[in-house]
Amino acid sequence: MDTILIVDDDVACLALMEIALVEEGYKVITANNGDEAFKLFQVNSIDLVISDVAMPSLNGDQLLQAIKRYDSKVEVILVTGDSSLDAAARAVINGAYDYLSKPVNLDELVDIVKSTLTKRRALKISEKAHYPTSSYSNNQLVGNSRAMLDLFKMIGKVAPSDSTVLILGESGTGKELLARQIHKFSKRSNKKFVAVNCGALTESLLESELFGHVRGAFTGAVAERNGLFKEADGGTIFLDEVTETSLAFQMKLLRVLQEGEILPVGTSTPRRVDVRVVAATNQDIDSLVEAKRFRMDLLYRLRVITLNVPPLRERQEDIALLAQFFVKKYTPTNRMPSPLSDEIIDFLQCYDWPGNVRELENAIESAVILSGNSMITMENLPEKIYQSKNKNINKSDVYTQLGVDSVVPLADMQYQYIKQVLDFVSGNKSRAARLLQIDRKTLDRIVTRSTEKLS
């Protein structure tokens, strides 16, 4: 029987995880703080540790490092209410097997525990376990959706290497911010990060900007210029919209990646550079290769590691978190952050956000300014977004297409289903929330709003 040590100063959360894992047949030992946990770890044969991060005295990060120093083969899963990149990336870099955000989805916890212990059994056989240790800090990227947590963990694995990275994602998803975090978590973090928008420059200007030029190379070149690759020497260069470059320029970029050399405009003497390249595009790069608009050999060089950034509409569970983050960001320091009404949270989660996170950020910045010291309401949103709420829909056409006489509002159906689940669990809201795979606050909000509507 596998033995699992669970550590959390939140007694309720600790109990829920313990019950879920005991029901799966595991032996569970619990501790309320890191110091107690490490003592238990030293005197028991532990196969897996699940630890909260934010604890007094010895926190989860410190416990993780202590455990790895004591026995690097024991896996650790960190659990935290912090949904920033810092928590996920630091956990992975320090050697955590996985990272979960609160409130913990118990089904997901059980699946990860099974996966972790399966890997541990395989490692016992192969005896090839190895985990790097390091420590970094950043809190600019936020998200608690599974897609974003997986992306954060991927950054933790990718950042310490020197491999080229290709970031794919729609405009406004935060590709440059992602590139900056890769640099910050890398061994090059003490050197420069240089960002270039390839689509904003003509071919001749782009070549001069990136590779530099010698004096007299062209009209107006009155002095030698090193170029951005040389400026980023030892650090990282981010080539945004790399697919906007010409085939001729792509050939020159390929040389840099293959040889580690740049050729300034106006000279035949190459210069060595040591630069990590992170590139990005919002286009279908494989289709561009098929259309002969992008070099296949360059794609192979750029796509050593690929990171896909999901559009905001595919991670709606992050919208409320991001909105609150931006409210705090744009609220003046001498003012309390304006609260977001339930109505506006619901609307933000239903809107498509074609401009992704950038559009959401701009909308919240505008709303914070217009709301003054009051609660942010629908009317404070940009007109284009607010008016999308009031688009006229011909209900008779909808009914005809669906073959029904009427359509029950989704909110009503949602409430009726939740009510059935609550009846099934005898009104236990915590258990109902777990079954519905939503957090308790969301459940309370839906029930309260629907009850007020019916009264």
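Ordering 94, 223, 53 by Cα displacement along the dipole of the chain toward the positive end leaves 223 in first place; charges were set at the Cβ atoms of Lys, Arg (+1) and Asp, Glu (-1).
Against the main long axis of the alpha-carbon atoms of the chain, helix 11-23 sits at an angle near 90°.
Using Cα atoms only, what is the angle between the long axis of helix 247-259 and the major principal axis of the chain, expressed in degrees (0 to 90) to the nearest 10? So the helix axis and the longest Cα principal axis differ by about 80 degrees. Taking amide H atoms as placed 1.01 Å from N in the peptide plane, the amide H of residue 195 lies under 5 Å from those of 238, each 5 or more residues away in sequence or on another chain. Pairs exceeding 18 Å between alpha-carbon atoms, taken from 153/175; 192/329; 329/441; 153/184; 27/114: 192/329; 329/441. Over all other residues within a Cβ to Cβ distance under 13 Å of residue 260, the charged ones net out to +1, with Lys and Arg as +1 and Asp and Glu as -1. Taking amide H as placed 1.01 Å from N in the peptide plane, the amide H of residue 6 sits under 5 Å from that of 29, 30, 31, 50, each at least 5 places away or on another chain.
Straight distance only, please: which aspartates and glutamates reach the Cα of residue 429 with their own Cα at less than 13 Å, same-chain residues fewer than 8 apart left out? In chain and number order, the partners are 439, 444.
Add +1 for every Lys or Arg and -1 for every Asp or Glu among the other residues with Cβ under 13 Å from the Cβ of residue 234, and state the total.
In short, +3.
Think of the chain as having a plus end and a minus end, set by charges on the Cβ of Lys, Arg, Asp and Glu; of 448, 304, 319, 304 sits farthest toward the positive end of this dipole. The amide H of residue 235, built 1.01 Å from its N in the peptide plane, has 192, 276 as neighbours under 5 Å, considering only residues 5 or more places off or on other chains. Among beta bridges from DSSP that stay inside the chain, the antiparallel ones total about 10%.
Count Lys and Arg as plus one, Asp and Glu as minus one, and take only other residues whose Cβ is under 15 Å from that of residue 357; the net charge is then -3. For the stretch 284-378, trypsin sites (Lys or Arg not before Pro) meeting the loop criterion (DSSP other than H, G, I, E, B) and having at most 12 other Cβ atoms within 10 Å: 292, 335. Distance between the C-alpha centres of the stretch 29-77 and the stretch 141-184: 28 Å, rounded to the whole angstrom.
Just so you know, all these numbers are worked out from the coordinates, no wet-lab data involved. Just so it is clear, the model here is predicted, and its values are computed rather than measured. A quick note on method: Cβ atoms are made from the backbone with ideal geometry, for glycine too, and the neighbour counts reach across all protein chains shown.
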